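Notes follow once the structure below has been shown.
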Amino acid sequence: MEKDQSRGLISRRDFLRMTALGIAALSGGGCGDLWRDRFQEMSPEEIQDLLKRWEERYKKRYGVDIRVKATGPMEGVLFGYALDLSRCIGCRRCVYACVRENNPSRDVQIQWIRVLRLKKGEFRLEDSEHYYNPESVPEEGYFYMPVQCQQCERPPCVKVCPVKATWKEPDGIIVVDYDWCIGCRTCMAACPYRARKFNWREPALPKEEINPDTHYLGNRPRVKGVVEKCTFCIQRTREGRYPACVEACPVGARKFGNLLDPGSEIRYILENFRVFRLKEELNTEPKFFYFFSLGWA
Amino acid sequence: MLLLLFLPFNAVAGVVTEPPPIFRSENYPCSTCHEAMSPNIERRPLQYHQEIDISAHAEDLFWCLNCHDMEERDKLRLINGEKVGFEEVYRLCGQCHGSIYKDWTAGTHGKRMGYWNGRKRYLLCTHCHNPHRPRFMPITPEPPPLRPEETLWKKIRAEG
């Protein structure tokens, strides 16, 4: 290549030529993502192309066939979650079921559920501990409170995103388009529940541990520099299944269902138990409820 | 046995229960041994079923034959004398634990699996609770999350 020796730079002519070639290459093959619309504005065909491109990329990166879905929301469904604080024993089975299901980075660890240990008889979140590690649980004098994305009806994280890479879906799930996220982490600062996690590095996800059933807005493998969070297992719940944490809980403390269905378990809980939402005073209106099925126990 | 895999649970439509765990026990059916034995209603230390400990479950009130039927040895017995199979154990437990039974029927006590809008898999009382000693034993928790200095910082430092 002909260089301008006096300044050690590429000549203007070469620069223009390369730029033109680069643009042609990008638009012509493989990198259609660069020119695409926001996810919500894409046509079904465009979405199908996008999913296919990602499946190919994952195949190349991991050597594993990963299915990327974009299952849409169901009509008349608003997801809600309830967690029974009388029952939770703090065993963290939910944390690891979530990790197995949702393909977060393992080596530099990312976990979407954080189990807080609090002293019985008081409710001081500032004194809570999530690194507790006793021989066995539950421990005398403590209760446990798992915290994950609360799927707010008025989500501060969505409000602050400068590029609208995160939004509330019609079924109430707050999702992130990892392709659109610029990694500014403003949403993490805005979230009062510390529910969002950032990929500071290229995620370390061993291919043997990949869950190949993924959703574009959910558990598909992430890249460096994007924010991720709990999506109520969008890849499962939009097909009618329970989230992984619900099925993993050994004491049945986790309940999930459709808030708009009067016959659902979640509605039974809202109507029959003492229910509260975390940091209610912030008016974020979480769709994640905590309740006590027993007197204080 | 295969038929029992998906027993319909009559209270809620579209719900399936798992077969009771006793069906997998090497001691089942109970009648294999008990058919030939004459029932002994005396409270006594058990010779054979030594693993069974009812000392933590209303010990003053209960003896084997409060719940296990004396004549039909593979059945349970309700207070009114009705005999029920092990797959309907919730009716037996529900006699005393009425509010829990109600919550279980509504799906808020215990574990449901499968589909939130369709076929749900129910677990029976005895899947999670030892019927002779129902309170849960403590279990070992999964490891705590790594502290930042054990994960990200360590990695960055290692690379210089």
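The values are calculated or read from the model by the stated rules, or taken from the named source; none is laboratory data. Since we're looking at a predicted model, the values are computed, not measured. Cβ coordinates were reconstructed from backbone atoms using ideal geometry, including for glycine residues, and neighbour counts include every protein chain displayed.
Brief remarks follow.
- Only one of B:R91, B:R121 that is within 14 Å of chain A (Cβ to nearest Cβ), outside any loop (DSSP other than H, G, I, E, B) and among the basic types (K, R): B:R121
- Of the residues examined, A:T237 is one that is among the polar types (S, T, N, Q) and at the interface with another protein chain (Cβ under 10 Å from one of its Cβ atoms).
- Look at (1) of a type in the set (V, I, T); (2) closer than 20 Å to A:E169 by Cβ; (3) surrounded by 21 or more Cβ atoms within 10 Å (Cβ to Cβ) and you find that A:V99 fails only one, number (2).
- Close Cβ contacts (under 6 Å, 6 or more residues apart or on different chains) running from residues in segment A:93-109 that are under 12 Å from A:P243 (Cβ atoms) to residues that are among the small types (G, A, S) comprise A:C94/A:A248; A:A97/A:A244; A:A97/A:A248; A:C98/A:A244; A:E101/A:A244.
- Residues that are buried (at least 18 other Cβ atoms within 10 Å of the Cβ) and facing another protein chain (nearest Cβ under 7 Å) occur at least once in segment B:131-141.
- Looking only at segment A:240-265, and only at residues there that are in a helix (DSSP H, G or I) and within 9 Å of chain B (Cβ to nearest Cβ), the one that is farthest from A:C94 (Cα to Cα): A:E265
- Within segment A:266-275, the set of residues being surrounded by fewer than 21 Cβ atoms within 10 Å (Cβ to Cβ) and within 23 Å of A:T231 (Cβ to Cβ) comprises A:R267, A:L270, A:V275.
- Among (1) modelled with pLDDT of 95 or more; (2) surrounded by fewer than 23 Cβ atoms within 10 Å (Cβ to Cβ); (3) not β-branched (V, I, T) - the single one A:G257 does not satisfy: (2)
- Test: residue in segment A:280-291 that is within 11 Å of chain B (Cβ to nearest Cβ) and touching a strand residue (DSSP E or B) at 6+ places or on another chain (Cβ under 8 Å): yes
- Qualifying residue in segment B:32-47 (condition: part of a loop (DSSP other than H, G, I, E, B), at pLDDT 80 or above and at positive phi): no
- Residue in segment B:99-109 that is at pLDDT below 90, at the interface with chain A (Cβ under 9 Å from one of its Cβ atoms) and out of contact with any helix residue (DSSP H, G or I) (no Cβ under 6 Å at 6 or more places or on another chain) present: no
- Screening A:R201, A:R222 for residues that are at pLDDT 95 or above, over 19 Å from A:K287 (Cα atoms) and either assigned to a loop (DSSP other than H, G, I, E, B) or not charged (D, E, K, R) (or both) leaves exactly one candidate, A:R222.
- Pairs linking a residue in segment A:128-146 that is at negative phi and at the interface with chain B (Cβ under 7 Å from one of its Cβ atoms) to a residue that is part of a strand (DSSP E or B) and β-branched (V, I, T), with Cβ atoms under 8 Å and 6 or more positions apart or on different chains, are A:H130/A:V115; A:S136/B:I139; A:V137/B:I139.
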